[in-house]
1. I'd like the full set of residues that are under 21 Å from Asp55 (Cβ atoms) and modelled with pLDDT of 75 or more, limited to segment 501-525.
2. If a residue must be among the basic types (Lys, Arg) and not in a helix (DSSP H, G or I), how many such residues does segment 103-162 contain?
3. Out of the residues in segment 382-408 meeting the condition of being among the aromatic types (Phe, Trp, Tyr) and part of a helix (DSSP H, G or I), tell me which one is most open to solvent (accessible area, probe 1.4 Å).
4. Run Leu194 past the list (1) surrounded by 13 or more Cβ atoms within 10 Å (Cβ to Cβ); (2) free of Cβ contacts under 8 Å to residues at least 12 places away in the same chain and report the number of the one that doesn't hold.
5. For segment 420-539, which fully contained helices (runs of 4 or more DSSP H) count at least 3 residues that are touching a residue at least 40 places away in the same chain (Cβ under 8 Å), open to solvent by 50 Å² or more (accessible area, probe 1.4 Å) and under 29 Å from Gly180 (Cα atoms)?
6. Quick one: would you say Ala41 is among the small types (Gly, Ala, Ser), in a helix (DSSP H, G or I) and open to solvent by 10 Å² or more (accessible area, probe 1.4 Å)?
7. Taking the condition modelled with pLDDT under 95 and on the phi < 0 side of the Ramachandran plot, does Thr389 pass?
8. Looking at Gln360, Gln274, which is the one that is assigned to a helix (DSSP H, G or I), at pLDDT below 90 and closer than 30 Å to Lys260 by Cα?
Amino acid sequence: VSGAALGLEIVFVFFLALFLLHRYGDFKKQHRLVIVATLLAWYLCFLIVFILPLDVSTTIYNRCKLAVNSSPAESNGSYVTLAPSKQKCFKPWSYIPDGIMPIFWRVVYWTSQFLTWILLPFMQSYARSGGFSITGKIKTALIENAIYYGTYLLIFGAFLIYVAVNPNFNLQWNQLQTIGIAAANTWGLFLLVLLLGYGLVEIPRSHWNGAKRGYLLMKTYFKAAKLMTEKADAEENLEDIMEEVRKVSESIKYNHPLRKCVDTILKKCPTDYQERMGRNMDDYEDFDERQNSYPSEKSLAKLHKQVIYSVQRHHRTQVQWQILLEQAFYLEDVAKNESSATRQFVHTFHSQEPENKIIQYFYTPTVEWYWECLLRPWFCRVLAVVLATFSVIVVWSECTFFSTKPVLSLFAVFIQLAEKTYNYIYIEMACFLTIFFLSICVYSTVFRIRVFNYYYLASHHQTDAYSLLFSGMLFCRLTPPLCLNFLGLTHMDATISHKNTQPTAYTSIMGSMRVLSFIADGFYIYYPMLVVILCIATYFSLGTRCLNLLGFQQFMGDSEMTSDLIDEGKELIRREKRKRQRQEEGENRRREWKERYGNRDESTRSRAVHTDQKESSFSETNANRPLSKYTRSNGRTERDRIELLQDAEPLDFNAESVNDDPLESDSGR
């Protein structure tokens, strides 16, 4: 069984990262290198979180073995027995053999650091570049990252010169490596505490508010008003960019050297704009460099970049609008069904996507009513209380984990109690739940934050390449200090516990922070206490209030602007609901008409065709009779009138479908 748990978790975490990336990214449209780099960054970070509990249980077993081997002992199968006291060191089911974990952590850590500091920043600039060739995009990416890389090289070079000149410092390569790791972890810990303080309060509060139907519906109306503004802005921006593309396309003709660049830009435009520009373009007109001034390749690259951004933003707002409409309609249905006497959930609109038959069989309207109207609010409240309890434990432990005598960190108390009985299942479950909750608080904040339109993780495959790569950078920078903070909370880090015991394999890779005592004994211990202040600020929504004062509309119940946006969003949802109801009523009428008169129309058409064949044969034998010709003509005219009357269908009133020409209407009648 040794190593089987490690292999299973490696495979499971890979599919978990792949599932999340498929939810936010678009495998069909985005570049493969972007998908692979983001998947690798997410995978390595999730892998560290899932494998670290196994490292803790293995380290506790190794400590037991060292304690046993220091006195006369005898081996007995899967455990070691201490002769005097008969103490037993059971081997955990997930035990990882010696030598595997150090190599594993070294590969995972340095690969993630290479991604976050070198590769992903370069790929960000490459993905946003508007160049028309690989060479041009690489050149643009190098120029944009010259300041970024140059700053780090300058700081590192100045530090090396200072160490070489100062005789008091005698640093070796391992110590320089530890200093680099400490610098990276310090930057990550600074951001980690900010995100953790927000997530510890916001996650329990969001689940508690999830039990309030009125709150969710009001917030959905608020989002609808804001999204409609963003949607209109995206459409206007796209129109302006397409107008520039049209002018460039008309000025640069088919035989111009830059025409290939223009064709590349046109391929990125929406289909309707491409057809419109194609109709207005005259490819047979030659260009004249003397008469017209043509844009340069640099300006075309800039236009190409704007086209990619505007098209992606427009498509994202369209998809998000449809998703938000479905959410609003569903919440309104829940509010209506709460007072239902039949206790069966009734939807206003049928789902546009085909539902799974297995889900339809078990998730009946009755089951859906009990879950949505009775059980789900209570489930959200209970879950919110459990998460709030975890948050209180985390805040207390963050403020007291430096105390070893007595041990005040609750996570350290739980692990030490389990360590005495060598209950490895409990140790691994406690470690996993602790680090998983910390990761949820931090990573969920990364998924929620939005930096204008530059960084935004949108679900349903609507995240652009720049935001995906940026999220990979954040994960790689936040995960190592998150794991070190977890080991400090559980006193598995020798720097915190001040015990001369065997460290975990992960801590040994990080190196001893005693090289920089002011960081090990100062920043790493006292800075996490700021999480208390951040939690208080988040609880009273100080950040939301500041953003609201700066002009960024945020959802606040006591704000007049929020009330106006809620009313506006409610009217938008009502308008879209009436529009969809008219569409469904029209489709239902057409369907009923076809079901009622469809068979009769087919039989009438078949009889008409059979009669035409008989009359045509009759006309061939009696072609010299003028009376039969007029009789056949009159009979066919009568049949045409019958078919037209039977083929007619009821139509919804639509101003666009009304025929303005009275002559055509008379001829049709």
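The values are calculated or read from the model by the stated rules, or taken from the named source; none is laboratory data. The shown structure was predicted, so the numbers you read here are calculated from the model rather than taken from an experiment. When we count neighbours, we look across all protein chains shown, and the Cβ atoms used for this are built from the backbone with ideal geometry, even at glycine. Please note that ligands, DNA and RNA were not included when accessible areas were found on the heavy atoms of the full protein model with its side chains. Shrake-Rupley method; radii C 1.70, N 1.55, O 1.52, S 1.80 Å.
1. Answer for segment 501-525, where residues must be under 21 Å from Asp55 (Cβ atoms) and modelled with pLDDT of 75 or more: Thr501, Gln502, Pro503, Thr504, Ala505, Tyr506, Thr507, Ser508, Ile509, Met510, Tyr524.
2. Taking segment 103-162 and keeping what is among the basic types (Lys, Arg), we get 106, 128, 137, 139.
From what's left, not in a helix (DSSP H, G or I): none.
Result for segment 103-162: 0.
3. If we filter segment 382-408 for residues that are among the aromatic types (Phe, Trp, Tyr), which is where we start, we get 390, 396, 401-402.
Keeping just the survivors that are part of a helix (DSSP H, G or I) gives 390, 396.
Working: Phe390: 62, Trp396: 125 Å².
Across segment 382-408, the extreme among qualifying residues is Trp396.
4. In the conditions (1) surrounded by 13 or more Cβ atoms within 10 Å (Cβ to Cβ); (2) free of Cβ contacts under 8 Å to residues at least 12 places away in the same chain, Leu194 misses (2) alone.
5. Details: elements: 424-448, 465-489, 494-497, 505-510, 531-539.
Of the helices (runs of 4 or more DSSP H) lying wholly inside segment 420-539, those with at least 3 residues that are touching a residue at least 40 places away in the same chain (Cβ under 8 Å), open to solvent by 50 Å² or more (accessible area, probe 1.4 Å) and under 29 Å from Gly180 (Cα atoms) span 424-448.
6. Details: among the small types (Gly, Ala, Ser): yes; in a helix (DSSP H, G or I): yes; open to solvent by 10 Å² or more (accessible area, probe 1.4 Å): no.
Criteria not met by Ala41.
7. no
8. On the way: Gln360 fails: closer than 30 Å to Lys260 by Cα.
Criteria check complete, one pass: Gln274.
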